[in-house]
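First the structure, in the form of structure tokens, and then the observations on it.
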Amino acid sequence: MDGGGGPRFSRRTAVKGLAGLACTAGISSLAGCALFGGSSPTGQVSPGVAGGKVVNTPLLVYRGHSGIVNEVTWSPDLTKIASASDDKTVQIWSATTGEHLYTYTGHSARVWCVSWSPDGSKIVSGSGDSTAQVWEAASGKLLVKYKGHSQDVDDVAWSPDGIYVASGSNDRTVQVWKAVGGHLVYSSGHYLRYVASVAWSPNGVQVASGSGDYSAQVWDALTGDHIIYYRNHSREVYGVSWALDSRRVVSCSADTTAQIWNGETGQTLLTYTGHTNSVNAVDWAKGNGAYIATGSQDQTVQVWNSTSGIRLLTYTGHMTSGLTTGNVPIGSVNAVRWSSDWQQIASASNDKTVQVWNVTL
């Protein structure tokens, strides 16, 4: 169960039965969820312009998991991919051939998230067993078991220098801790429901988070001081990602939008409305900053221009018929990740696969 009193069948998948759920008992509007005051920001709104190429066939399909795949991440050298699943495993496999390399089985419940350290030597994963675990990438040897959270660990993110890990949880906190030793640096608690996503700014100064209380927030990375409370979404916020300039943030939501906003002022810069269902995942290409990828419960991955909001590409490889638990489409996309050279995207889905495909724009 999440911190707000409702089940989540997949970390970044909206459950239709939650559509009318208020942030807390007795609160029926987003305005009642405002913890820090101020008016909702406004800005340029993009219509999510139809068009762009449609790609149906992936370069690679990985079928090693027996459960829903919740997260995917590239190794820094782009030779390997790690994926996290409801089958309680993290699996490591070749990014070029799809060959299975090894399986990490240190968790006792579904694994919600996984992230590679900046130097490629370690991996951190978070699970429904309430732990985040740091382990050696080459062998799977457990190095640190972090037990600071009291409920599911929904997302994890390394600091750019590899010294710290930020983790978000169903216990309504973001915690920052030392990757070596697992010592808590601080815990923030300005959330009314679960924290679905965390992202460290490329300059290492700030942490952004997205929550089931409809907010996205920005913190000072090392002190936990609150900087921005962004509340322009009308539903749960499932993902956040920074631009390379460490000033702009993109967030995605069950309200079917992705929104770009200023991480220093909270001003909305652009709203992307190209999806027809909950947007479960978002990732900003760190190359020239021109492209953003989103994954949705509408079973598509879409690539769009970060300035104009024009859709450039729609990927439909996960599309399939049927529903999973909670009336969620089998092909619902839970995670999208650009390769660091922004030439490929990996996507993870309720269809139990990870798919890799070329980005040709």
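The values are calculated or read from the model by the stated rules, or taken from the named source; none is laboratory data. These numbers were taken from a predicted model, which means no experiment stands behind them. Please note: Cβ atoms are built from the backbone with ideal geometry, for glycine as well, and neighbour counts cover all protein chains shown.
A compact table of results
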quantity: Within the range 114-147, tally of residues that are farther than 15 Å from VAL180 by Cβ and either in contact with a helix residue (DSSP H, G or I) (Cβ under 9 Å, 6 or more places away or on another chain) or among the basic types (Lys, Arg) (or both); calculated: 1
quantity: Among the candidates ALA290, ALA346, residue that is hydrophobic (A, V, I, L, M, F, W, C), more than 19 Å from the chain's Cα centre (by Cα) and within 29 Å of VAL207 (Cβ to Cβ); calculated: ALA290
quantity: Pairs where the first residue, in the range 60-71, is in a strand (DSSP E or B) and the second is among the β-branched types (Val, Ile, Thr), C-beta under 7 Å, 6+ apart; calculated: LEU60/VAL356; VAL61/THR353; TYR62/THR353; TYR62/VAL354; VAL69/THR353; VAL69/VAL354; ASN70/VAL111; GLU71/VAL114
quantity: Residue check for SER251: crowded, with 24+ Cβ neighbours inside 10 Å, closer than 22 Å to ALA290 by Cβ and at pLDDT 95 or above; calculated: yes
quantity: Identity of the residue in the range 55-74, surrounded by fewer than 18 Cβ atoms within 10 Å (Cβ to Cβ) and not aliphatic (A, V, I, L, M), that ends up farthest from LYS286 (Cα to Cα); calculated: SER66
quantity: Meets criteria (in contact (Cβ under 8 Å) with a residue 24 or more places away in the chain, part of a loop (DSSP other than H, G, I, E, B) and crowded, with 24+ Cβ neighbours inside 10 Å) for ASP245; calculated: no
quantity: Residue within the range 223-238 that is touching a Gly at 6+ places or on another chain (Cβ under 9 Å) and under 21 Å from SER115 (Cβ atoms) present; calculated: yes
quantity: Considering residues of the range 92-122 that are assigned to a strand (DSSP E or B), closer than 18 Å to VAL153 by Cβ and not hydroxyl-bearing (Ser, Thr, Tyr) only, the residue farthest from the chain's Cα centre (by Cα); calculated: LYS122
quantity: Selection within the range 141-156 - touching a residue at least 40 places away in the same chain (Cβ under 8 Å) and of a type outside the set (A, V, I, L, M, F, W, C); calculated: GLN151, ASP152, ASP154, ASP155
quantity: Check on SER130, within 21 Å of ASN70 (Cα to Cα), surrounded by fewer than 24 Cβ atoms within 10 Å (Cβ to Cβ), within 19 Å of the chain's Cα centre (by Cα) and of a type outside the set (D, E, K, R); calculated: yes
quantity: Residue list for the range 284-302, restricted to those being part of a strand (DSSP E or B) and surrounded by 23 or more Cβ atoms within 10 Å (Cβ to Cβ); calculated: TRP284, ILE292, ALA293, THR294, GLY295, SER296, VAL301, GLN302
quantity: Filtered residue count, the range 295-334, keeping only those that are within 15 Å of LYS53 (Cα to Cα) and among the polar types (S, T, N, Q); calculated: 5
quantity: Flag for GLY326 being surrounded by fewer than 24 Cβ atoms within 10 Å (Cβ to Cβ), of a type in the set (Gly, Ala, Ser) and closer than 17 Å to ILE68 by Cα; calculated: yes
quantity: Residue match in the range 171-187 (condition: crowded, with 21+ Cβ neighbours inside 10 Å, closer than 20 Å to SER115 by Cα and under 15 Å from the mean Cα position of the chain (by Cα)); calculated: yes
quantity: Yes/no for SER108 being among the polar types (S, T, N, Q) and on the phi > 0 side of the Ramachandran plot; calculated: no
